[in-house]
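The values are calculated or read from the model by the stated rules, or taken from the named source; none is laboratory data. Quick caveat: nothing in here was measured; it's all calculated off a predicted structure. So basically every Cβ, Gly included, is an ideal-geometry build from the backbone, and we count neighbours across all protein chains shown.
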Amino acid sequence: MATHLDRQRLERILLGQHEFMQEVYGMLEQEQKHDDVIRAVVLTSRGKGPVEVRNPDPARIFSGGTIRSLCIKYRLRFLESGLFKGPLPNDAVHAIRMLERHAGGPIHAFRVMAPAERFKLCDSEVDPLLFVPLGDDRFYLVHKWGNDLSPFRVLLGLPVRTPVHLAATVLLVALAITLAIPTEWITAWQINRPLMFVWNALVMTSFTVFGWFAFFGQFSNENWNSRYFN
């Protein structure tokens, strides 16, 4: 008799655990569905905002001018997240869910700062930064992932920030080439070093202009918020 009662008691415990686990699985499934919805919203968003965030962190608020200057410095684009291609990491989804608690509901307007290669541009792996617009040309940084925003990228993007930067780069390269040519060679050609510098500058400028127009180059201060590849 005692054995039968013990079996019934153990069975009730096991059934209770089963029901508890079913509840846990159900909760996890709902959470996963919520995450999938957030991912779908971010990767299809073309909304302009603004988004109302209660008690936002001041350290995460940036002006449009600051974002523009950073895009020019690192040669990045700042576009709607619906144009972004690639996966949205779990940390970014978690950050959005935390922000939704302060927004009082779902958010449908997102923007991403990333290199042109990370967007589905109209005529066509680096650090994306996810923002939501707050209005008045202000944007709230939700999450950043990746680790490729480095001084090396600043150096690579320096010549193409503006026409002035490109011209200065061409002249500096021409000057470096001129200084590297041995004096004996210059004397053998019966010219002086300043004239050699002028010649090198003209050659470098001609190659640069040809390459720029041949490959439809764009300066960073012009394409930082462009949806087009070129």
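For this structure, a couple of remarks:
- Per the listing W185, W145, the residue uniquely within 30 Å of R60 (Cα to Cα), of a type in the set (F, W, Y) and at pLDDT below 85 is W145.
- Single match in V164, V154, V142 (criterion: under 30 Å from G49 (Cβ atoms), of a type in the set (V, I, T) and exposed (fewer than 15 other Cβ atoms within 10 Å of the Cβ)): V154
- For L76: the one exception among (1) more than 13 Å from the chain's Cα centre (by Cα); (2) modelled with pLDDT of 85 or more; (3) not acidic (D, E): (1)
- Residues satisfying the stated conditions in the range 37-85, i.e. among the hydroxyl-bearing types (S, T, Y), touching a strand residue (DSSP E or B) at 6+ places or on another chain (Cβ under 7 Å) and buried (at least 20 other Cβ atoms within 10 Å of the Cβ): S45, S81
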